[in-house]
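Every number in this text was worked out from the coordinates using simple rules, so none of it is lab data. These numbers were taken from a predicted model, which means no experiment stands behind them. Cβ sites come from the backbone with ideal geometry, for glycine too, and all protein chains shown count toward neighbours.
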Amino acid sequence: MKKYFRAAAILLVQLAALPAFAAPAIATPVCDILPSATIAALIGMPVVGKEASTGMFSEACVFTTAAAKQGPSMFIIEHYTKPLPAGAEKDMVMTTPTSQVLPVAGLGDEAWMNSYTSELLVRRGSAVHKIIARAVECEKLADETYDEQDVRCTAKRVGILKQTAAAILAQ
């Protein structure tokens with residue numbers, strides 16, 4: 001039992017030693033960072049609704065697209081409102097047993113992406129945004145294999161995620 005208390009005490013001391021990072025409040029409401037028309041142009045589908053939500057650590061805007069073949073889908077922009085320690089960004093991107101979170105060069109101070117889950121997280125200064133593109137349609141072409149479609153559609157989603165991050169950072 002003492003061993004567990006000692007480990008917990010060491011962990012608390014280490015956490016207390018982390019530098020404090022202030023997550024800036026954004027002047028623009030999260031659903032107004034990029035207009036629906038910009039999102040629609042980026043994903044190539046009309047946006048029929050948007051809804052803001054506030055969580056414990058972030059504010060998010062869920063853009064809903066028109067019903068596609070697979071049904072309505074979402075495009076999410078999330079802004080972290082609580083401090084994140086440097087380097088924690090990579091851990092904020094969802095992973096699966098068969099996917100990887102990889103760094104993305106040229107976006108903000110630091111960016112991480114999982115193209116399989118269609119998520120990108122970008123940090124500039126203390127501002128951290130996550131973009132989730134679950135609204136991208138990409139139908140199979142008549143003459144392509146499933147693997148070819150997967151490569152093409154992944155490239156399309158990655159491009160949309162990067163363009164969205166660049167548009168947010170340009171604000």
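List of remarks:
- Segments 115-127, 141-153, 48-60 sorted - mean Cβ within 10 Å per residue, highest first: 115-127, 48-60, 141-153
- Proximal aspartates and glutamates to residue 130, defined as alpha-carbon separation beneath 18 angstrom and excluding residues fewer than eight positions away on the same chain: 32, 51, 59, 78, 89, 91, 109, 110, 119
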